[in-house]
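Since the structure comes first, as structure tokens, the remarks are kept for the end.
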Amino acid sequence: MKYLLLLLLVGYVVWRWRAGQRARTVPPRPAGPVQTEPIAMVACAGCGLHVPITQAVTAGAQYFCSASHREAAGV
Ligand SMILES: [Zn+2]
């Protein structure tokens, strides 16, 4: 009977230890405001790739995915 109690005690300790390990491995939420506004996407005039307008390279009224595509278009 005392071995059963000892086994239950060891099992309880292991279960509590593993629950503590899991709680520590949960990644923290990212700090800062969460972006809720959608970003407009534009198509590259050179290859057609859609990129966020904030990362697009502009030349006049045209958008490009990179400076090399803008130069390849001769703009
Ligand atoms: Zn492109």
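The values are calculated or read from the model by the stated rules, or taken from the named source; none is laboratory data. No experiment lies behind these values; they were computed from the predicted model shown. Every residue, glycine among them, receives a Cβ derived from its backbone with ideal geometry; neighbour counts consider all protein chains shown.
Would you check if there is a residue in segment 3-19 being of a type in the set (Ser, Thr, Tyr) and either away from the ligand (no atom under 12 Å from the Cβ) or over 28 Å from the mean Cα position of the chain (by Cα) (or both)? Yes, there is a match, as at least one residue in segment 3-19 is of a type in the set (Ser, Thr, Tyr) and either away from the ligand (no atom under 12 Å from the Cβ) or over 28 Å from the mean Cα position of the chain (by Cα) (or both).
For segment 40-58, which positions are assigned to a strand (DSSP E or B) and surrounded by 16 or more Cβ atoms within 10 Å (Cβ to Cβ)? Passing the criteria: Val42, Val51, Val57.
Within segment 59-75, restricting attention to residues that are near the ligand (Cβ under 8 Å from one of its atoms) and in a loop (DSSP other than H, G, I, E, B), the residue that is surrounded by the most Cβ atoms within 10 Å (Cβ to Cβ) is Cys65. Give just the number: which of (1) within 16 Å of the ligand (Cβ to nearest atom); (2) modelled with pLDDT under 95 does Gly32 not satisfy? Among (1) within 16 Å of the ligand (Cβ to nearest atom); (2) modelled with pLDDT under 95, Gly32 violates only (1).
Close contacts from segment 41-62, counting a first residue that is within 14 Å of Ala73 (Cα to Cα) and a second that is more than 13 Å from the ligand (Cβ to nearest atom), with Cβ to Cβ under 7 Å and a gap of 6+ residues or different chains, come to none at all. Of the numbered criteria (1) under 27 Å from the mean Cα position of the chain (by Cα); (2) assigned to a helix (DSSP H, G or I); (3) surrounded by 10 or more Cβ atoms within 10 Å (Cβ to Cβ), the one Ala23 fails is (3).
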